[in-house]
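K.L.:
Structure in structure tokens, see below.
The values are calculated or read from the model by the stated rules, or taken from the named source; none is laboratory data. Because the structure is predicted, anything quoted here is derived from the model rather than measured. All Cβ positions, even for glycine, are placed from backbone atoms using ideal geometry, and neighbour counts span all protein chains on display.
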Amino acid sequence: MEKSSYRETMAKSVTAPDFRNIWQQLTGKIRDRKELLLKDRDEYGWSLFNSYDGFYEDCIGILTGKNDGRRIKTIYELMSETAENNEKIVRLKEKMFTAPEKSWNPLVDTQDDIKEDIEELNRKNVTVAERINELKFELVESFNSHGIEIDRSQLDFIISSVVSESLSNLLLLTDTLKQVLFSIEKQMNDGGDHVVVKNYTSVYLVTILTLRHAQDIAVKNLEENAARVDTLIQMARDNINEACTISGYEFDKTLQTNIKLNERSIQISRTYKEILLNFSRQLADERPQLERSIKVARNLYNTVETASSLITVIRQSSTDYKSLFKFTMPKINQIYAAGMAQEFDNISAKLKELRENS
């Protein structure tokens, strides 16, 4: 993307109503709890532990509440709708076994009635899938226009992953951070007094701190779910061992197919686990620079005297955040081929079930 078109995109995004709304909500939040900007959670007593986390979780909600955030939330809602429709289809197919071919009673569902219901649910799923594809295309276009390089296969993985909320929040926060920095630079170039500069430095600081908090949540979720993958792998191994205890399994086509399917599950699970751990490692690699930037921002917040000093730091921060602006992740297209997409989705579903039942 050419520099001019990028700046035009950013200029439009920071004047958009949803971004102005974010700014207003955030400044109101900061006004009530400024002390939480200057200390970390570990520096507080246990009585403020939940207060600190709650503050930044609220900030995550505010900072991800723009157009792209709403797109992602809509995708999750549509995916849930599809899952509910699929469950209804399964129940209807089961019901068909006992349904009569014809009935004089209009309250009794016949096989034809059930077939029509199934066809209607399938049509709804097709419509929903088309809408999800539209939203994903809009998301990729939006992020790329803001200079965040992400392709469709990467976005698909983020959306379908068991840690989808954590990863999508990081992507949205990174995008919002760019807009915050650009907005500050724009406003300061237009002139600002000491009070105005102080307000902008507080927004700058809270955005970075919120990103770090989101990283903490993501790392925890990534590591927990990577560990849960081991449970799935063990379940597949148990299935293989059980099949091998049945006499004549060497010549039984069904058992041999089951063994191959479980071996495939083990292979996919290991790949999935490595992807999750790669995310975690990349976030860990970015942490030292993020911690340094937080210290600089806090120092700036306490010592701001002129608008020019803020502009200098913001421009330097834009360089420092280069790695954060480019949302890094493994090249999913090398391992996330179309034939494996459903299997990754299945593993995510199983992991979510394990997490809910644990």
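K.L.:
Cβ contacts < 7 Å: first residue under 17 Å from residue 53 (Cα atoms), restricted to the range 21-39; second residue modelled with pLDDT of 80 or more and basic (Lys, Arg), any location; separation 6+ or different chain. Result?
P.N.:
Cβ pairs passing all conditions: 38/298.
K.L.:
List the helices (runs of 4 or more DSSP H) that sit entirely inside the range 241-358 and contain at least 1 residues that are at pLDDT 85 or above and more than 30 Å from residue 156 (Cα to Cα).
P.N.:
253-303
K.L.:
Here is a further query. Looking for something loosely packed, with under 15 Cβ neighbours inside 10 Å, among the β-branched types (Val, Ile, Thr) and touching a residue at least 12 places away in the same chain (Cβ under 8 Å) - is there at least one such residue anywhere in the range 211-219?
P.N.:
Within the range 211-219, none of the residues are loosely packed, with under 15 Cβ neighbours inside 10 Å, among the β-branched types (Val, Ile, Thr) and touching a residue at least 12 places away in the same chain (Cβ under 8 Å).
K.L.:
Right, another one. Where the second residue is of a type in the set (Asp, Glu) and surrounded by 13 or more Cβ atoms within 10 Å (Cβ to Cβ) and the first is closer than 19 Å to residue 226 by Cβ and lies in the range 252-273, which pairs have Cβ atoms under 6 Å and are six or more apart or on separate chains?
P.N.:
If the second residue must be of a type in the set (Asp, Glu) and surrounded by 13 or more Cβ atoms within 10 Å (Cβ to Cβ), the pairs left are 268/343.
K.L.:
Looking at the structure I just gave you, is residue 176 of a type in the set (Ser, Thr, Tyr), at negative phi and modelled with pLDDT under 90?
P.N.:
yes
K.L.:
Of the conditions (1) among the hydroxyl-bearing types (Ser, Thr, Tyr); (2) buried (at least 17 other Cβ atoms within 10 Å of the Cβ); (3) farther than 18 Å from residue 64 by Cβ, residue 207 clears all except one; give me its number.
P.N.:
(3)
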